[in-house]
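Colleague: Supplied in structure tokens, the structure appears directly below.
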2 protein chains.
Amino acid sequence: MKDEAGKLSILRVTEQGRGEIEDTVVKESPFTIILDNQELVTLLCSPTNLEYLAAGFLFSEGLLKSKDEIKKIVVDEDRGVVRVETEEAEKFAKDTSSKRLIASGGGRGASLYSAIDAQSQAKVESQVKILAGDVFSLVSQFQHRSQIYRATGGVHSAALCDTEGVLVFGEDIGRHNAIDKVFGECVLKDIPTDGRMIITSGRISSEILLKVTKRNIPIVISVSAPTDLAVRLANDFGVTLIGFVKGKSMNVYTNGWRVATG
Amino acid sequence: MKDEAGKLSILRVTEQGRGEIEDTVVKESPFTIILDNQELVTLLCSPTNLEYLAAGFLFSEGLLKSKDEIKKIVVDEDRGVVRVETEEAEKFAKDTSSKRLIASGGGRGASLYSAIDAQSQAKVESQVKILAGDVFSLVSQFQHRSQIYRATGGVHSAALCDTEGVLVFGEDIGRHNAIDKVFGECVLKDIPTDGRMIITSGRISSEILLKVTKRNIPIVISVSAPTDLAVRLANDFGVTLIGFVKGKSMNVYTNGWRVATG
């Protein structure tokens, strides 16, 4: 598996002068998902765990519903291609021609898609709770894992957790990709997401909130900020949305009853 | 014009306990661009300067080439819609049906699109230079303007500059949108971008680099990190790529001859 970052010779300029140094730069690679011999989408991503990214993407976009539908996933790292074969090739060949509209993107959100999703999304009913102290220690554990981010300043991290600790960890230059890598690993390894938590280094937008809600996850934690639309959706869907976790403090935007203090 | 952020009552939790506080949360709104009566794309964005965003988006996507092509831009903020009418409605009606594939996205990059763009992109030939000291003071000026970011931690800023100072400033929850708002204002107000600089708060990915190169801009400055693909493209296109500007230091990744010291 390729690395997430590489070395580069660059020019360092300060008030004192200039000089060549070796620097770590995060990798960005085009990666094309071919579903049943049909080119579906090309993502710009960190070239690691591509089978997880492919699986996670297909599940997040609603193109696959169960691991059993997957016959084979073949990653060709050098050509930046992953081929996913399903049990129902004909069905998907038909579906994907319309789906392509949604999946191929210019680094932006597709709210029409989100709006349709939001209408059909069921509420998260989980009664799980978490101690405030556990949130602080989970985030601290999460941040220790985010080494690429610390080295290059350019990668997002995401993790599936329970109250005990981090279960699955993913990193990518894209917020969406990092979470899809986590979900893809869950799908391929039969790791349940129900009633568990997601931590992300990135901003919580409406799309991220929807993606997580679809996995029936009751608690979403970010070290960064949410948007007002994400807060509104979290409220509607019964999701506990926590942001700005820093040291021993945090903001709970919705459904605070799941966060226990003392 | 609506604001970029709103007030919200949230729960603040620390080791000492919990309490309600009023917090500032960044706004995220769906915003649909209708080009010559045809729905083109719905972006998730900060609901400010929507006419600039629409114009910038249409130029960045290559759907418009000159301000003269625009007959009318009408923004309906309440319905989250902007209608753009062009001089050549028939031509665009044909073009946009294929373009839709590219513009409607899931918060991800479309590298196929970038790859095609990259092949046809001309080199930036500008011989403009900048003093290292001017970079430091421009970025400092830029960061003073980024007030929403400081208040909510959730907004990206972008600016068009010359060596004297910031000329056009844009803010949005999306990195791409912030830059498109800047370019849209340039287009609508006849502000030239040739030979000038772009500063951004966000990461420089290949897509951002391409977007800026298309406007014939020789120097791109970020307070954050570039990706290796962006560095490669900047090298190929003759663009000076500067990252991690912090206080009085910076990394120059490509074409360092444009940065003068002493």
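Colleague: May I ask you to verify whether A:Arg203 is under 17 Å from B:His156 (Cβ atoms) and not aromatic (Phe, Trp, Tyr)?
Modeller: yes
Colleague: A further question on this structure: State whether one or more residues within region B:13-26 are in contact with an Asp or Glu (Cβ under 8 Å, 6 or more places away or on another chain) and on the phi > 0 side of the Ramachandran plot.
Modeller: No, because not a single residue in region B:13-26 is in contact with an Asp or Glu (Cβ under 8 Å, 6 or more places away or on another chain) and on the phi > 0 side of the Ramachandran plot.
Colleague: If we keep just the residues of region B:1-29 that are more than 9 Å from chain A (Cβ to nearest Cβ) and under 30 Å from B:Asp76 (Cα atoms), which is surrounded by the most Cβ atoms within 10 Å (Cβ to Cβ)?
Modeller: B:Glu4
Colleague: Anything in region B:136-182 that is polar (S, T, N, Q) and in a strand (DSSP E or B)? List them, or say none.
Modeller: B:Ser157
Colleague: Next question. Limited to region B:183-197, what total is found for residues that are in a loop (DSSP other than H, G, I, E, B) and either buried (at least 16 other Cβ atoms within 10 Å of the Cβ) or not aliphatic (A, V, I, L, M) (or both)?
Modeller: Counting residues in region B:183-197 that are in a loop (DSSP other than H, G, I, E, B) and either buried (at least 16 other Cβ atoms within 10 Å of the Cβ) or not aliphatic (A, V, I, L, M) (or both) gives 7.
Colleague: Could I ask something else about it? Give the residue that is surrounded by the most Cβ atoms within 10 Å (Cβ to Cβ), with candidates limited to residues of region A:30-48 that are at the interface with chain B (Cβ under 7 Å from one of its Cβ atoms) and under 17 Å from B:Ile204 (Cβ atoms).
Modeller: A:Leu44
Colleague: A follow-up question, please. Please enumerate the residues belonging to region A:221-244 that are farther than 13 Å from A:Ile198 by Cβ and aliphatic (A, V, I, L, M).
Modeller: A:Ala225, A:Leu229, A:Val231, A:Leu233
Colleague: Going by the conditions given, is A:Gly243 touching a residue at least 24 places away in the same chain (Cβ under 8 Å), assigned by TED's automatic domain parsing to the domain that holds A:Gly174 and not aliphatic (A, V, I, L, M)?
Modeller: yes
Colleague: Same structure, new question: State all residues of region B:213-262 that are of a type in the set (A, V, I, L, M, F, W, C), assigned to a strand (DSSP E or B) and more than 9 Å from chain A (Cβ to nearest Cβ); if no residue qualifies, say none.
Modeller: B:Ile219, B:Val220, B:Ile221, B:Leu241, B:Val245, B:Ala260 - these are the residues of region B:213-262 that are of a type in the set (A, V, I, L, M, F, W, C), assigned to a strand (DSSP E or B) and more than 9 Å from chain A (Cβ to nearest Cβ).
Colleague: Condition (residue is modelled with pLDDT under 90, within 17 Å of B:Leu233 (Cα to Cα) and either touching a His at 6+ places or on another chain (Cβ under 7 Å) or in a strand (DSSP E or B) (or both)) applied to region A:30-37: is it met by at least one residue?
Modeller: Looking through region A:30-37, none of the residues is modelled with pLDDT under 90, within 17 Å of B:Leu233 (Cα to Cα) and either touching a His at 6+ places or on another chain (Cβ under 7 Å) or in a strand (DSSP E or B) (or both).
Colleague: Moving on to the next point. Kindly evaluate B:Asp117 against the criterion of being assigned to a helix (DSSP H, G or I) and modelled with pLDDT of 80 or more.
Modeller: It is false that B:Asp117 is assigned to a helix (DSSP H, G or I) and modelled with pLDDT of 80 or more.
Table: residues versus (1) part of a helix (DSSP H, G or I); (2) among the aliphatic types (A, V, I, L, M); (3) touching a Leu at 6+ places or on another chain (Cβ under 6 Å).
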| site | (1), (2), (3) |
| --- | --- |
| B:Lys7 | no, no, no |
| B:Arg12 | no, no, no |
| B:Glu22 | no, no, no |
| B:Leu40 | no, yes, no |
| B:Leu43 | no, yes, no |
| B:Pro47 | no, no, no |
| B:Leu53 | yes, yes, no |
| B:Gly56 | yes, no, no |
| B:Leu63 | no, yes, no |
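Colleague: Can you tell which of B:Leu35, B:Leu44, B:Leu40 is within 30 Å of A:Val245 (Cα to Cα) and in contact (Cβ under 8 Å) with a residue 60 or more places away in the chain?
Modeller: Selected residue: B:Leu44, the only one of B:Leu35, B:Leu44, B:Leu40 that is within 30 Å of A:Val245 (Cα to Cα) and in contact (Cβ under 8 Å) with a residue 60 or more places away in the chain.
Colleague: Out of B:Gly174, B:Gly202, report the one residue that is surrounded by 23 or more Cβ atoms within 10 Å (Cβ to Cβ) and either facing chain A (nearest Cβ under 9 Å) or not polar (S, T, N, Q) (or both).
Modeller: Matching residue, one of B:Gly174, B:Gly202: B:Gly174.
The values are calculated or read from the model by the stated rules, or taken from the named source; none is laboratory data. On a predicted model such as this, the values are computed, not experimentally measured, just so you know. Counting neighbours? That spans all protein chains shown, and the Cβs are built from the backbone with ideal geometry, glycine included.
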